[in-house]
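Read-outs throughout are calculated quantities, based only on the coordinates presented, and are distinct from any laboratory measurement. None of these values were measured; they are calculated from a predicted model. Here Cβ is always computed from backbone atoms with ideal geometry, including for glycine, and neighbour counts include all displayed protein chains.
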Amino acid sequence: MTTRAPVSLWDVSSAEAESGAAFEVPSDTADVAIVGGGFTGLSTALFAGQAGLSAQVLEAKRIGYGGSGRNVGLVNAGVWHPPAKVRAALGKTYGPRFLKTFGDGPGLVFDLIEKHQIRCEPTKTGTIHAAHAPSGYADLKSRHAEWDRMGAPVELLPRAEVAEKIGTDAFFGGLLDHRAGTINPMGYCRGLARAAEAAGARISTGVLVTKLRRTGEVWQVKTDRGTFTARNVVLGTNAYTDALWPRLSRVFTPISYFQLSTPPLGEEAAHILPGKQGVWDTGPIMFSLRRDAEGRLIIGSMGTVIGTKSAGLSERWARRQLRRLFPRLGPVTFEDAWHGRIAMTPDHLPRVCLLNEGLYTAIGYNGRGITTGTIFGKAIAGLLAGDDPKGLPLPVEELSEVRSAPIMSRLYQAAFTTNQFLKSL
């Protein structure tokens, strides 16, 4: 018997069992065929099923295999941009609607977790956007003023308070978002799959979609296990998009994000994130830190794992960062290391695209996959059930290629590797 390699710590520690069965060619026409078994695809399947639509999920590997199961697990509100930039980019109609929808995004996620009793280690104590420098704190003060005017429960933390909450005086202040929290992302993904199946969706794993062809009023969905028809198709592949639909993989710049996790540390790490908030910083090459339910520390940054969990550049980087931040902690080892892909757009905003009649995708999540995938899955299911497209949190658009994506991806990777090297010295 072959032992399957886990994709991340979350793959091993999830309390939710895997879903998905071998693909059997449907004899009927599905209302929607969904390519990809991550947050977007499973949210679409869940809400489509609840709306009375027949949904068939097709996952080439296994549930959560891509970015969903490799996520940091921060359930953040909003997007990278402060509210003013979102309003400027999306206008008077969509700007406020987008901010409201994405501000409420963590609430949607936590409501689904509660409703379907998803076992994914949820914490609702917020996330901290930590200032890596005085300039970062100035930016956070501006963001806080905007969110405060909107009535959002976001708290500006001076240096002493952020030091108490994180356990280090390395940061210059922070922004605590009480709407946010953390989860085991693979557990959430598997829980969505379980809930979608209970709503009537069929979920098949180990089946590769090789071609899509519009024939009359339906789509011919060709797979390596057979062909069936569907009235609509949703591509929920985001950063793991391949050549299935021409040019789709060119609408974003793929970058990588790596993480390493320690063994459970117990009392020796009790002073680190005692409230279990997740942390991400304002640095140009983002850094993240969080704890899980067992007391592991999970540390990450942009780039790929170079080496292994026990030796190599990434291991040295992680060890050096923990020693710098938490000198009381002493020497640490790591029990897992992994990386995944993020789909970055030039304006740091996601997209909902109508690729052809009855063919939709949501893409370009910019590192906010948990809330964005859940929100857009629900929204696209609503469209298929007859909702007005004008009610979406942002307008449906056509494909727009980022021609520099391949070059920029390589440049980013070089910069991230250099950053690991310099910070591991």
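Per-structure values
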quantity	calculated
Dipole of the chain [Lys/Arg +1, Asp/Glu -1 at C-beta], most positive-end residue of Leu425, Cys120, Gln259	Leu425
Most fluctuating residue given options Arg149, Arg231, Arg403, as computed from a GNM of the chain linking Cα atoms under 10 Å	Arg149
Charge-dipole axis of the chain as Lys and Arg at +1 and Asp and Glu at -1 on Cβ define it, positive-most pick from Leu359, Leu289, Ala45	Leu289
Radius of gyration and Dmax over the Cα atoms of region 227-289, both given in Å	19.8, 57
Cβ crowding within 10 Å averaged over residues, with 245-256, 175-186, 98-109, 133-144 ranked highest first	175-186, 98-109, 245-256, 133-144
Local electrostatic count at Val154 - Lys and Arg +1, Asp and Glu -1, tallied over other residues with Cβ under 15 Å	0
Rel. contact order, % - alpha carbon contacts under 8 angstrom, at least six apart, the chain	24 percent
Cα-based equivalent ellipsoid of the chain: semi-axis lengths in Å, sorted from largest, via gyration tensor	35, 24, 20
Counted charge near Leu53, where neighbours are those whose Cβ lies closer than 10 Å (Asp, Glu -1; Lys, Arg +1)	0
Simple Cβ-charge dipole of the chain, Lys/Arg +1 and Asp/Glu -1, about Cα centre, in debye nearest 20	840 debye
Calculated [θ] (222 nm, deg cm²/dmol) that DSSP helices of n ≥ 4 give over the chain, each run adding -39,500 (n - 2.57)	-10000 deg cm²/dmol
Between region 288-324 and region 82-150, the Cα center-to-center distance that results, in Å	26 Å
Where only C-alpha atoms are counted, convex hull volume of region 193-250 per residue in Å³	105 Å³
Ranked by how many other beta carbons lie within 10 Å on average, peptides 391-398, 277-284 from highest	277-284, 391-398
Packing-based ranking, highest mean first, of 301-312, 412-423 given that Cβ atoms within 10 Å are counted	301-312, 412-423
Separation in nanometres of the label points that stand 7 Å from Cα toward Cβ, at Asp224 and Ala15	3.5 nm
DSSP bridge pairs, the chain: antiparallel proportion in percent, nearest 5	70 percent
